[in-house]
Amino acid sequence: MKNRIILALLLFILCGPARADSDAAQRLHEIRSQSFLLCANLLVYYNNMDPAGAFYPEAREAYRRNLAELERLVAMQPELGAALGDMKAAIGQLEQKPENTRTEYSLWLNPVLRAQGDLDKRVAAGYQASGEPPASLAALHQLSLDISRMLLLYESQAFSRTGIYSFEVNENSFNEIDQRIGTTHAGLAQQLPGAGRELKEVWQNYSFVRQRLNASEQQVVARSASLYLGKSVDTLDRLARNSTR
């Protein structure tokens, strides 16, 4: 009996740091994914190319939920407070502008996107420093980030003068990210057979808007893309969160 107690204590001591590292990696990852979703929902809300969807109340509620979640997560990572503060200040400036479907909001969206790029780079450095997470957790994070990147890239097409500052963008970005999404998803289906239903849902949501993602001649379906790809990111982050418990 005594030996069993000692063994249990040893396992607890050995597993404790690994669990802490995974928890830190998960928190940092969710700061990244929430910042992407926040910007994507801002672009939906201020998309004057979609008069029926511009200033849609649900889009405003969505980006404010993302911001509230970012504030909660960053409160546990105080070294990121200044970067989030810059992002909040830029959003505050944007929200002071009159809402008009004839206005192109790129001038005020770009400071938000720059601040998000700075925040993302800082968080990515912290994520790397936190150690290498388990392979399945790293893959869930990779897929979540790539779908988030795809969503932001897609939503930015509606604006003529917005930039993306959180990752490199070139003429092949859509295809490159799409290929990574397919490869990572296929690998996860093998790594996590118990999550088959959730991963199938992720792929169905992605596939629903995938044919429009790189079709520049088609009108941007801002709300649909944000809804379905946002669901995929939320599902992947929930799977990742549960795996660290």
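The values are calculated or read from the model by the stated rules, or taken from the named source; none is laboratory data. As the structure is a prediction and not an experimental result, all values here were calculated from the model. FYI the Cβ positions are ideal-geometry reconstructions off the backbone, even for glycines, and counts take in every protein chain you see.
Name the pairs: first residue in the stretch 41-55 and crowded, with 21+ Cβ neighbours inside 10 Å, second residue of a type in the set (Gly, Ala, Ser) and part of a loop (DSSP other than H, G, I, E, B), Cβ to Cβ under 6 Å, at least 6 apart or on different chains?
What qualifies is Asn47/Ala54.
It is to be established whether one or more residues within the stretch 100-108 are under 30 Å from Gln26 (Cβ atoms), in contact with a helix residue (DSSP H, G or I) (Cβ under 7 Å, 6 or more places away or on another chain), assigned to a helix (DSSP H, G or I) and in contact (Cβ under 8 Å) with a residue 12 or more places away in the chain.
No, because not a single residue in the stretch 100-108 is under 30 Å from Gln26 (Cβ atoms), in contact with a helix residue (DSSP H, G or I) (Cβ under 7 Å, 6 or more places away or on another chain), assigned to a helix (DSSP H, G or I) and in contact (Cβ under 8 Å) with a residue 12 or more places away in the chain.
Taking the stretch 125-144 as the region of interest, how many residues are free of Cβ contacts under 8 Å to residues at least 60 places away in the same chain and under 15 Å from Thr235 (Cβ atoms)?
Counting residues in the stretch 125-144 that are free of Cβ contacts under 8 Å to residues at least 60 places away in the same chain and under 15 Å from Thr235 (Cβ atoms) gives 2.
Quick one: in the stretch 202-225, which of the residues that are aliphatic (A, V, I, L, M) and within 20 Å of Glu171 (Cα to Cα) is modelled with the highest pLDDT?
Only one residue fits best here, namely Val209.
Can you find, within the stretch 177-209, the residue that is farthest from Leu143 (Cα to Cα) among those that are among the small types (Gly, Ala, Ser) and touching a Leu at 6+ places or on another chain (Cβ under 7 Å)?
The extreme case among them is Ala195.
All but one of (1) farther than 24 Å from Asp21 by Cα; (2) touching a helix residue (DSSP H, G or I) at 6+ places or on another chain (Cβ under 7 Å) hold for Ser136, so report the exception by its number.
Here Ser136 clears every test but (1).
What about Asn66, is it part of a loop (DSSP other than H, G, I, E, B), over 16 Å from Ser160 (Cα atoms), free of Cβ contacts under 8 Å to residues at least 60 places away in the same chain and of a type in the set (S, T, N, Q)?
Against the criterion (part of a loop (DSSP other than H, G, I, E, B), over 16 Å from Ser160 (Cα atoms), free of Cβ contacts under 8 Å to residues at least 60 places away in the same chain and of a type in the set (S, T, N, Q)), Asn66 does not qualify.
Count, please, the residues in the stretch 73-127 that happen to be surrounded by fewer than 13 Cβ atoms within 10 Å (Cβ to Cβ) and within 13 Å of Arg32 (Cα to Cα).
1
Check the stretch 135-149 and report whether any residue there is closer than 23 Å to Val202 by Cβ, modelled with pLDDT under 95 and not acidic (Asp, Glu).
So the first thing to find is which residues in the stretch 135-149 are closer than 23 Å to Val202 by Cβ, and the list is 135-149.
Next, from what is left, pick out any that are modelled with pLDDT under 95: none.
No; the residues of the stretch 135-149 include none that is closer than 23 Å to Val202 by Cβ, modelled with pLDDT under 95 and not acidic (Asp, Glu).
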